[in-house]
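Student: The structure is given below, and queries will be raised subsequently.
The values are calculated or read from the model by the stated rules, or taken from the named source; none is laboratory data. In this text the structure is predicted, and so the values were computed from the model without any measurement. All Cβ positions, even for glycine, are placed from backbone atoms using ideal geometry, and neighbour counts span all protein chains on display. What goes into the accessible areas is simple: the full protein's heavy atoms, side chains included, and nothing from ligands, DNA or RNA. Shrake-Rupley method; radii C 1.70, N 1.55, O 1.52, S 1.80 Å.
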Amino acid sequence: MGRIGPVAAGESSGSVVRRILLGSQLRRLRDSRGITREAAGYSIRASESKISRMELGRVSFKARDVEDLLTLYGVTDDAERDALLGLAREANMAGWWHSYGDVLPGWFQTYVGLEGAASLIRVYEVQFVHGLLQTESYAHAVVARGMGDAPAVEIDRRVALRLERQKALVSERAPRFHAVLDEAALRRPYGDRDVMRGQLRHLIEMSEQPNITLQVMPFSFGGHAGESGSFTMLRFPESDLSDIVYLEQLTSALYLDKAEEVAQYEKAMARLHEDSPGPEESRDLLRGLLQLT
């Protein structure tokens, strides 16, 4: 496994954001000219669904396709064309996670890139400790439980990928990370007693990092705003990129960016933050669980 320097890692993470930014700009240009996706697809010898995937930032961009679309959309200013074509080149940079393509589902590659480019990551987790906060032993137990038939080498690579993602939290450009963990995630055992004790100690240590806020939603609170299950919210430094809600499923994932949908999750996250004990009290809860483990 090759090691990626901070500059390369930042560039490759940003490529996903640039892909989404370019797609959204192409969509705005098409809409402003009243051109259908079908007509746009015809102009680049592609289908309507290909245009849709491009505008959502889910595929790479060919320079020729972008040039032809810009011509169709009436973009003739050289500076504007050069800026968008430069964005297309940057958007096609391969991310460090591509070396894990043998164990990384395509739908999750997008998330890894977005996570690495985010300036604020907020999560609610109910099943297990969030991947960015897992110890190596705990991560191994989680992956092994979920992929019981997988060979040991594949499990090890998935764990290595998770540990690589965690480096962002301690980098020079570390994002703010705010996690609410349901008490169920902390009480459900993965691995043996030593693994769980090590994981709880790690959470206490990580919660003291200046860029990390950790709260525990205790059983004693009863029903709460996280009733729909785990979710992640990502915010980016780019002002023209909206917040994204990430919902992981068994074989795929949903990425929500419509303002009205994001707003609903924003409310739920705010309620979780408000209703959960604060960081210091949550650390006390973790210490109490550690004594019981």
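Student: Specify the angular offset, from 0 to 90 degrees and rounded to the nearest 10, of the alpha carbon long axis of helix 106-117 from the longest principal axis of the alpha carbons in the chain.
Tutor: Result, in degrees: 80.
Student: Using 1/(1 + (r/R0)^6) with R0 = 30 angstrom and r between the beta carbons of Glu172 and Arg89, what's the FRET efficiency to the nearest 0.05?
Tutor: Computed FRET efficiency for Glu172 and Arg89 comes out at 0.75.
Student: Size of the dipole of the range 60-163 about the Cα centre, Lys and Arg at +1 and Asp and Glu at -1 on the beta carbon, nothing else charged, in debye to 20?
Tutor: Dipole of the range 60-163, to the nearest 20 debye: 420 debye.
Student: Calculate the length of the line joining the C-alpha centroid of the range 99-117 to that of the range 42-95, in whole Å.
Tutor: 22
Student: Per residue, how many Å² of accessible area does the chain show with a 1.4 Å probe?
Tutor: Value for the chain: 50 Å² per residue.
Student: For the chain, take the longest principal axis of its alpha carbons; what is the angle in degrees between that and the long axis of helix 78-91, to the nearest 10 within 0 to 90?
Tutor: Tilt of helix 78-91: around 40 degrees.
Student: What is the extension gain from Ser52 to Gln291, computed as 0.36 nm multiplied by their sequence separation minus the C-alpha to C-alpha distance, in nm to one decimal?
Tutor: Taking Ser52 through Gln291 to full extension adds about 80.7 nm, to one decimal.
Student: Given the Cα-Cα distance of Lys62 and Thr76 and 0.36 nm per residue of separation, how much length would full extension add, in nm?
Tutor: Additional length available on full extension: 3.2 nm.
Student: For the range 143-231, would you read off the P(r) tail past 20 Å as a percentage of all alpha carbon pairs? Spell out each step's value before the answer.
Tutor: Details: 2023 of 3916 pairs.
Cα-Cα pairs of the range 143-231 separated by over 20 Å account for 52 percent.
Student: Next question. Okay, which of the range 96-130 sit inside 20 Å, backbone N to the point 7 Å along the Cα-Cβ direction of Gln264?
Tutor: Under 20 Å, as judged by backbone N against the label point of Gln264, lie 122-126 of the range 96-130.
Student: Which order do peptides 114-122, 48-56, 284-292 fall in by mean Cβ count within 10 Å, highest first? Walk me through the numbers on the way to the answer.
Tutor: Working: 114-122: 21.3, 48-56: 17.8, 284-292: 14.3.
Packing proxy ranking, top to bottom: 114-122, 48-56, 284-292.
Student: Does the range 26-98 come out rounded, prolate or oblate by the C-alpha gyration tensor, with a ≥ b ≥ c the root eigenvalues, rounded set by a/c under 1.5 and, if not, prolate when a/b is larger than b/c and oblate if not?
Tutor: The shape class here is oblate.
Student: Any chance you could get the radius of gyration and Dmax over the Cα atoms of the range 84-232, in Å?
Tutor: Cα radius of gyration and Dmax of the range 84-232 are 16.5, 55 Å respectively.
Student: Beyond 17 Å, what share of the Cα-Cα pairs of the range 27-66 remains, rounded to the nearest whole percent?
Tutor: Cα-Cα pairs in the range 27-66 separated by more than 17 Å: 19 percent.
Student: Mind telling me which of Thr232, Thr36, Thr251 comes out most flexible in a GNM of the chain, alpha-carbon contacts under 10 Å?
Tutor: Ranking Thr232, Thr36, Thr251 by mean-square fluctuation puts Thr251 first.
Student: Just check the range 4-129 against the gyration tensor rule for me: Cα atoms, a ≥ b ≥ c as the square roots of the eigenvalues, rounded for a/c under 1.5, and otherwise prolate or oblate depending on whether a/b exceeds b/c.
Tutor: On the way: a/c = 2.16, a/b = 1.79, b/c = 1.21.
It comes out prolate by the Cα gyration axes.
Student: In addition: State, to one decimal in nm, how far the label point of Ala152 lies from the label point of Glu281, with both points 7 Å from Cα in the Cβ direction.
Tutor: Distance between label points: 4.6 nm.
Student: Roughly how many nanometres apart are two label points built 7 Å out from the Cα toward the Cβ at Gln209 and Ser99?
Tutor: 2.1
Student: Relative to the longest principal axis of the C-alpha atoms of the chain, give the angle of the C-alpha long axis of helix 6-33, reported between 0 and 90° and rounded to the nearest 10°.
Tutor: 50
Student: Explain nothing, just the number: relative contact order of the range 202-286, from Cα pairs under 8 Å at least 6 residues apart, as a whole percent.
Tutor: Over the range 202-286, the number comes to 37 percent.
Student: Okay, moving on. So what is the relative contact order for the chain, in percent, with contacts set as C-alpha pairs under 8 Å and at least six apart?
Tutor: Relative CO of the chain lands at 18 percent.
Student: Around Ile44, under 14 Å between beta carbons, what's the net of Lys plus Arg minus Asp minus Glu among the other residues?
Tutor: Working: positive: Arg30, Arg37, Arg45, Lys50, Arg53, Lys62, Arg64; negative: Glu38, Glu48, Glu55, Asp65, Glu67, Asp68.
Computed value for this residue: +1.
Student: Kirkwood Rh over Cα pairs of the chain into Stokes-Einstein at 25 °C, 0.890 mPa s: D in µm²/s?
Tutor: Diffusion coefficient, whole number: 118 µm²/s.
Student: Let me ask you something else. Ignoring ligands, DNA and RNA, please state the percent of accessible area on the range 106-257 from carbon and sulfur, probe 1.4 Å. Provide the component values of the computation, followed by the final result.
Tutor: Values: 3460 of 7010 Å².
The computed percentage sits at 49.
Student: Could you point to the residue in Tyr124, Ser43, Phe236 farthest towards the positive end of the chain's charge dipole, with +1 and -1 charges on the Cβ of Lys/Arg and Asp/Glu respectively?
Tutor: With unit charges placed on the Cβ atoms, the residue in question is Ser43.
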